[in-house]
1. If I fit a long axis through the Cα atoms of helix 78-101 and take the longest principal axis of the Cα atoms of the chain, what angle between them do I get, 0 to 90°, rounded to 10?
2. Would you please give the FRET efficiency between Asp132 and Ser194, computed as 1/(1 + (r/R0)^6) with r the Cβ-Cβ distance and R0 = 45 Å, to the nearest 0.05?
3. Can you give me the % of accessible surface on region 1-144 that is carbon or sulfur? Probe 1.4 Å, all protein chains present, nothing else counted.
4. Can you give the % of DSSP beta bridges in the chain that are antiparallel, to the nearest 5?
5. Taking 7 Å along the Cα-to-C-beta vector as the label spot, tell me the Met155-Lys104 distance in nanometres, rounded to one decimal.
6. Among Lys83/Lys173; Lys78/Lys142; Lys15/Lys186; Lys83/Lys142; Lys15/Lys142, which pairs are too far apart, with a Cα-Cα distance over 21 Å?
7. Treating the angle as unsigned and between 0 and 90°, give the value, to the nearest 10°, between the Cα long axis of helix 133-144 and the longest Cα principal axis of the chain.
8. Could you run the Debye sum over the Cα atoms of region 86-199, one equal point scatterer each and no solvent, and tell me log10 of I(q)/I(0) at q = 0.24 Å⁻¹, two decimals?
Amino acid sequence: MRTVIGLTGQTGAGKSTVSKVFAKNGFFIIDADHIARIVVEKGSNCLGELTHAFGTGIINCDGTLNRNSLANIVFNNKSRLDKLNSIIYPYILSEISCRIENTKGFVLLDAPTLFESGANKMCDIIISVIADPQIRKERIIKRDKLTHEQAVSRMKSQLDESFFIEHSDYLIKNNSDIESAYRISKEIADKIKSWKEQI
């Protein structure tokens with residue numbers, strides 16, 4: 001028996017903290033960000049498609065993807081970002097599907113773009129992590145070494161809070177300290193395991 005829990009949320013909300021709690025409680029973690037890096041490795045079909053779409057300028061001298069060059073091309077350009085996503089998402093979803101099929105028990109799919117990629121359709125339960133805008137902004141400026149403008153731009157590019165509230169089975173509002181986030185996450189993990197055991 002397998003249960004797939006999708007974990008997503010706003011940048012800077014503390015999704016990584018929640019993922020760690022679920023990992024400690026026996027959930028097998030599938031990291032979509034890690035998969036996104038794997039599918040564009042040197043020589044991959046995905047990287048070939050990206051090069052065809054955006055030019056050889058996105059490739060380093062050693063044949064690997066120059067992420068900064070690609071980011072500069074799609075940054076603040078919705079049509080180019082949509083093109084990028086239309087190429088990379090199918091590869092990511094295929095790899096996620098394979099990993100889910102080869103796993104039993106409780107699976108946590110940690111995916112920042114869970115809804116945008118369509119990966120939510122693979123999930124039985126969805127958990128979203130949100131936080132107040134000012135708190136999120138401060139966190140990502142510190143974490144990613146961004147300017148104020150870059151942080152705001154990144155936040156604006158994501159789904160808004162109301163979407164996550166409407167489309168999630170569980171919602172974690174992480175405005176407090178890390179201990180509170182751990183406690184709430186542990187409660188939800190225990191509740192999911194207990195609920196599935198009763199079915």
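The values are calculated or read from the model by the stated rules, or taken from the named source; none is laboratory data. What you see is a predicted model; the values in this text were computed from it and never measured. Cβ atoms come from the backbone with ideal geometry, glycine included; neighbour counts cover every protein chain shown. All accessible areas refer to the heavy atoms of the entire protein, side chains included, with ligands and DNA or RNA removed. Shrake-Rupley method; radii C 1.70, N 1.55, O 1.52, S 1.80 Å.
1. Rounded to the nearest ten degrees, it is 50.
2. Details: r = 30 Å, r/R0 = 0.68.
E between Asp132 and Ser194, to the nearest 0.05, is 0.90.
3. Details: 3670 of 7230 Å².
Within region 1-144, the accessible surface is 51 percent carbon and sulfur.
4. Working: 1 of 20 bridges.
The answer is about 5 percent antiparallel.
5. Distance between the two pseudo-spin positions: 4.5 nm.
6. Working: Lys83/Lys173 32 Å; Lys78/Lys142 26 Å; Lys15/Lys186 13 Å; Lys83/Lys142 30 Å; Lys15/Lys142 16 Å.
From Lys83/Lys173; Lys78/Lys142; Lys15/Lys186; Lys83/Lys142; Lys15/Lys142, over 21 Å: Lys83/Lys173; Lys78/Lys142; Lys83/Lys142.
7. For 133-144 against the chain, the angle is about 60 degrees.
8. -1.39
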